[in-house]
1. Can you find, within region D:6-20, the residue that is farthest from B:MET15 (Cα to Cα) among those that are within 14 Å of chain B (Cβ to nearest Cβ) and charged (D, E, K, R)?
2. Filter region A:31-40 for residues that are basic (Lys, Arg) and open to solvent by less than 40 Å² (accessible area, probe 1.4 Å) and give the result.
3. Quick one: in region C:96-106, of everything that is over 10 Å from the mean Cα position of the chain (by Cα) and not β-branched (Val, Ile, Thr), which residue is farthest from C:ARG56 (Cα to Cα)?
4. So which residues in region D:1-30 are under 24 Å from B:VAL18 (Cβ atoms), open to solvent by 20 Å² or more (accessible area, probe 1.4 Å) and part of a strand (DSSP E or B)?
5. Output the number of the condition that C:LEU36 fails; it satisfies all remaining conditions of (1) in a strand (DSSP E or B); (2) hydrophobic (A, V, I, L, M, F, W, C); (3) away from chain D (no Cβ under 14 Å).
6. Conditions: (1) of a type in the set (Phe, Trp, Tyr); (2) within 13 Å of the chain's Cα centre (by Cα); (3) away from chain A (no Cβ under 14 Å). B:PHE81 meets all but one. Number of the miss?
7. Return the residue satisfying two criteria in turn: it lies in region D:41-85 and is without any contact (Cβ under 8 Å) to a residue 40 or more places away in the chain and in a strand (DSSP E or B), and of such residues it is nearest to A:LEU46 (Cα to Cα).
8. Do you know which residues across region C:41-72 are surrounded by fewer than 20 Cβ atoms within 10 Å (Cβ to Cβ), more than 9 Å from chain D (Cβ to nearest Cβ), more than 17 Å from D:MET16 (Cα to Cα) and of a type in the set (Val, Ile, Thr)?
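The values are calculated or read from the model by the stated rules, or taken from the named source; none is laboratory data. These numbers come from a predicted model, not from an experiment. Quick reminder, even Gly has a Cβ in these numbers, built from the backbone with ideal geometry, and neighbours come from all protein chains shown. When the accessible area is computed, the model is the full protein with side chains, heavy atoms only, and any ligands, DNA or RNA have been set aside. Shrake-Rupley method; radii C 1.70, N 1.55, O 1.52, S 1.80 Å.
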Protein chains: 4
Amino acid sequence: MVTVTEKVRFVETDMMGVVHHSNYFRWFEIGRVDYLKQAGVDLLQLFNEGIIYPIRDVSCRYISSAKFNDIIHIETEMAEFSRAKMVFTYRILNDKGALLATGMTQNVFTNAEGKIIMLPSQYSDCVNEFMAKQKL
Amino acid sequence: MVTVTEKVRFVETDMMGVVHHSNYFRWFEIGRVDYLKQAGVDLLQLFNEGIIYPIRDVSCRYISSAKFNDIIHIETEMAEFSRAKMVFTYRILNDKGALLATGMTQNVFTNAEGKIIMLPSQYSDCVNEFMAKQKL
Amino acid sequence: MVTVTEKVRFVETDMMGVVHHSNYFRWFEIGRVDYLKQAGVDLLQLFNEGIIYPIRDVSCRYISSAKFNDIIHIETEMAEFSRAKMVFTYRILNDKGALLATGMTQNVFTNAEGKIIMLPSQYSDCVNEFMAKQKL
Amino acid sequence: MVTVTEKVRFVETDMMGVVHHSNYFRWFEIGRVDYLKQAGVDLLQLFNEGIIYPIRDVSCRYISSAKFNDIIHIETEMAEFSRAKMVFTYRILNDKGALLATGMTQNVFTNAEGKIIMLPSQYSDCVNEFMAKQKL
């Protein structure tokens, strides 16, 4: 599991006084980027090599509302990984340990033209190794 | 089914050159607001009466990417409705009829303090009537 | 002057109950895109030809708050135009004619590498012609 | 001067491959919130006491583009302060010390109904003291 800590921004709230539900997917993305970075995969480098990673499926369950100024912890785990796709799961917690939301996202890999490709093994090896270490 | 037509904004794109996946939930919201408005339920009025409608669950499947300047059609249907919750389903299509995404959201009703409440019948009656008309 | 009409989205509000100030620049962008489209300049086409139009300067004065569900009119005018830059001014009004905000943005033109270029005359001619017509 | 360090989020980019200009105002807000917090003024507490702080004027000059994954430093200074308004100035720099943007925002204070008020002296005293310390 990889954890990123963020602070809720004022702009992330809506007139209900809590964070707008769409923003949790933006937090999941922060967690995903950091997980891959820690695994040795820099998404910017991938992008510059013409490897794109569009999202295919997402879901989120909201349990308790995040509020302005809250410290939140984004916990990210790889639930399923192959050279064809990545399934991540997430948990958002506040500073008191309360679970705010859980979620899932699935990416695939494509070339710049949108055609499905296999992630080059130099990258998948990194991720597999990182996942193995995580399980120890 | 209620359809709202929008145009993809430049700001909705990301560096992949397509609309960021989180924005589809913002489009679903536009559809949901309009569905309820057509059913006679003004969310702003509800809000001003202290009736809040937080999101509990969402999901989206992405089929084809929306791009800057695309005309998109947000099709919204009520899949399940009671005085305790609303489940909406959505389809996003572009101007050529291509299906870009499908999604689901579930709202509950609470008071301003976040306690679950029943939607007052004056509103649920409106929705039930509208749903009945839709099926004709 | 070119006018685009939009409806305030729920997500555009913040916990103050009004539209977050950053979103006005997203509305200005809608107005700018439409102005250029009406002048015969499709920004997507420009982009696909490797002509980029980064923003250099912006400002906004907020007079009265836009609220959820408000119908807003985005009035866009070209204040200054050359093949090197575009200065647009904007007015945001609600449906009752109240002025909500005024603003300004300045774009320059660059190639994909970020080097300043002159807008090809096929495009600047379109804009000059459109501006001339607007003044009649 | 108060400095906050952030990392550019993927969602903050647009199809030009750089951060959308509207997002700089969201970064300025992060800087402003932190400046006031360090001065002993918690905006959430103010809000809960019915003191609102709408934005009246903003501007930004963009010098160099922020990109995905960039580490950015948001430098915030109070340029002018009274119990009636706050004028902040900002500088955004990347990790190599390059200046990306400069900006200004002006807030006023109102009650929940939008009427202009004076910031209670318990808060303005905090800010004045903090400003004095900053100058040492």
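1. Step one: list which residues in region D:6-20 are within 14 Å of chain B (Cβ to nearest Cβ), which gives D:8-20.
Keeping just the survivors that are charged (D, E, K, R) gives D:9, D:12, D:14.
Details: D:ARG9: 11, D:GLU12: 9, D:ASP14: 5 Å.
Residue satisfying both the conditions and the ranking: D:ARG9.
2. Initial filter on region A:31-40 (basic (Lys, Arg)): A:32, A:37.
Matches in region A:31-40: A:ARG32 only.
3. Taking region C:96-106 as the starting set, the residues that turn out to be over 10 Å from the mean Cα position of the chain (by Cα) are C:96-102.
From the residues that got through so far, the ones that are not β-branched (Val, Ile, Thr) too are C:96-101.
Details: C:LYS96: 33, C:GLY97: 30, C:ALA98: 29, C:LEU99: 25, C:LEU100: 24, C:ALA101: 20 Å.
This residue is C:LYS96.
4. D:LYS7
5. (1)
6. (2)
7. By that ranking, first place goes to D:ALA79.
8. Residue satisfying the conditions is C:ILE71 alone.
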